[in-house]
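Below: one structure, written as structure tokens.
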Amino acid sequence: QVQLVESGGGLVQFGGSLRLSCAASGSRSSRNVMGWYRQAPGKQRELVAMFTSGGSTNYADSVKGRFTISRDNAKNTVYLQMNSLKPEDTAVYYCYAYITSRNYWGQGTQVIVSS
């Protein structure tokens, strides 16, 4: 059974930085699709950044140049470095993985950016 555990959210001022972590247990493939989504109040969940099965990365246009996704295969952990944060980045951030044809989600971590 795959479990995703996120950490690193919190309150930060406009222009600040945060790093989110997502540790995956139960699967150790470096080719797993893993990444981050977010959901702001009253809005649909949206893709933020993702590793594809081929190892390439995809980013939402709204975060390109500010956010960086990375992974440590030895630790089976995916990170999201968020710089130059804006109030519109405020949301619950969810770790996501697609492993052996199943979708997995973390419990979510809150990010609040104050203006």
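The values are calculated or read from the model by the stated rules, or taken from the named source; none is laboratory data. Since we're looking at a predicted model, the values are computed, not measured. So basically every Cβ, Gly included, is an ideal-geometry build from the backbone, and we count neighbours across all protein chains shown. Areas reflect the complete protein model, heavy atoms only, side chains present, ligands, DNA and RNA absent. Shrake-Rupley method; radii C 1.70, N 1.55, O 1.52, S 1.80 Å.
I'd like to check something: does segment 94-108 contain any residue that is open to solvent by 30 Å² or more (accessible area, probe 1.4 Å), in contact (Cβ under 8 Å) with a residue 60 or more places away in the chain and within 10 Å of the chain's Cα centre (by Cα)?
Taking every residue of segment 94-108 in turn, at least one turns out to be open to solvent by 30 Å² or more (accessible area, probe 1.4 Å), in contact (Cβ under 8 Å) with a residue 60 or more places away in the chain and within 10 Å of the chain's Cα centre (by Cα).
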Exercise. Within segment 80-93, track down each residue that is open to solvent by less than 30 Å² (accessible area, probe 1.4 Å) and either part of a strand (DSSP E or B) or out of contact with any Phe, Trp or Tyr (no Cβ under 8 Å at 6 or more places or on another chain) (or both).
Key: L80, M82, D89, A91, Y93
Exercise. Please find, among S27, S70, S53, the residue that is part of a loop (DSSP other than H, G, I, E, B) and surrounded by 13 or more Cβ atoms within 10 Å (Cβ to Cβ).
Key: S27
Quiz item: Cβ-Cβ below 9 Å, separation at least six or inter-chain, first residue in segment 63-77 and touching a residue at least 60 places away in the same chain (Cβ under 8 Å), second among the hydrophobic types (A, V, I, L, M, F, W, C) and open to solvent by 70 Å² or more (accessible area, probe 1.4 Å): which pairs?
Solution: none
